[in-house]
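Read through the structure below, which is laid out as structure tokens, and then see the notes.
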């Protein structure tokens with residue numbers, strides 16, 4: 001049955017079919033000024049493309065995260081794996097955890113509100129038909145405070161000596177001008193710098209686990225089609241000169257792609273690979289800062305509603321990146337959407353179209369952001 005909700009309850013990780021004139025200009029300019037440096041696969045692997053041709057809204061034929069686990073034959077098969085997922089108290093983080101719980105992996109889930117997270121864990125365990133699986137553990141994590149990231153990483157390392165997957169799911173979107181506890185612009189600080197620090201602190205475990213298990217350690221960054229709104233302003237990452245909430249969001253989502261690409265380039269030889277994921281339009285709490293005017297400016301209409309997914313469907317691409325054999329030992333540095341690999345988005349395409357912007361693959365910018373990130377979060381600049 002197709003799910004319907006009011007306009008006010010819609011929140012999502014992509015922007016609508018119609019953008020404002022300023023964003024349209026930015027998108028066209030980015031196509032001209034930022035040639036891609038990493039070609040897409042000649043034939044992108046898109047095993048579920050046929051299910052995304054005739055979208056009917058939440059609950060339609062598009063696969064759920066649980067379906068992906070089943071299709072990949074992963075039910076109960078990852079009992080020797082440890083997975084850390086951020087942002088698991090609501091939205092697609094819950095459904096990502098629910099699906100990966102069925103693999104038998106040991107899950108560590110983070111949230112700001114630990115009592116709420118414990119209720120989510122109870123729900124996951126109680127609703128599962130599988131018995132004898134390892135109960136997920138909760139970690140408190142506030143991504144707007146680097147000290148909290150360090151504390152959560154230390155807490156994790158006290159509880160686990162291995163880490164096979166890091167799924168950076170938590171994030172914020174289109175916030176009013178505000179700062180993190182460390183004085184960083186909130187969206188780039190939360191969506192990128194905190195994730196970067198968490199990876200750096202857990203990197204030795206990811207490398208060690210890949211070596212000991214002989215399998216790929218996977219780092220999965222939740223990005224968004226919103227990355228098309230702008231590249232990273234390396235000379236003004238805090239947007240002190242001219243703040244715009246959508247350009248800020250776009251910058252942070254591009255940074256997520258840059259980070260995944262860099263991880264793949266730096267550590268692929270040690271079997272640690274990175275991916276960036278666009279989950280699609282989903283009804284979650286992510287867009288809590290959006291006003292009625294924002295929805296009008298983005299052209300919300302009934303046509304757009306058909307593109308929306310349920311949280312269960314929205315978690316599918318993340319889970320595919322986590323369990324698909326296609327990514328074992330390679331195929332890293334890919335931008336994923338609709339449970340498939342993406343190529344570049346055609347120039348002039350609407351925001352609902354799949355694909356990455358020309359600026360999403362830029363090795364020079366990626367390396368500059370990597371070094372800047374090391375400096376900002378206070379870790380040594382590595383290879």
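Label-to-label distance for residue 71 and residue 123 is 2.5 nm, based on points extended 7 Å past Cα in the beta-carbon direction.
What is the gain in length, in nm to one decimal, between residue 178 and residue 349 on full extension, counting 0.36 nm per residue of separation less the C-alpha to C-alpha distance? Write out the running numbers ahead of the final one.
On the way: separation 171, 0.36 × 171 = 61.56 nm, distance 3.15 nm.
Here the segment from residue 178 to residue 349 would lengthen by 58.4 nm.
Here the simple spin-label model places points 7 Å from the Cα toward Cβ, and for residue 161 and residue 112 these points are separated by 3.6 nm. Each of residue 374 and residue 151 was given a label point 7 Å from its Cα along the Cα-to-Cβ line. The distance between the two points is 2.8 nm. Working ranking of peptides 250-258, 128-136, 323-331 by packing, defined as the average number of other Cβ atoms within 10 Å per residue, highest first, is 250-258, 323-331, 128-136.
We did not get these values from a lab; they are worked out from the coordinates using the rules stated. In this text, all values refer to a predicted model and were calculated from it rather than measured experimentally. Heads up, the Cβs are rebuilt from the backbone with ideal geometry, glycines too, and the neighbour counts pull from every protein chain shown.
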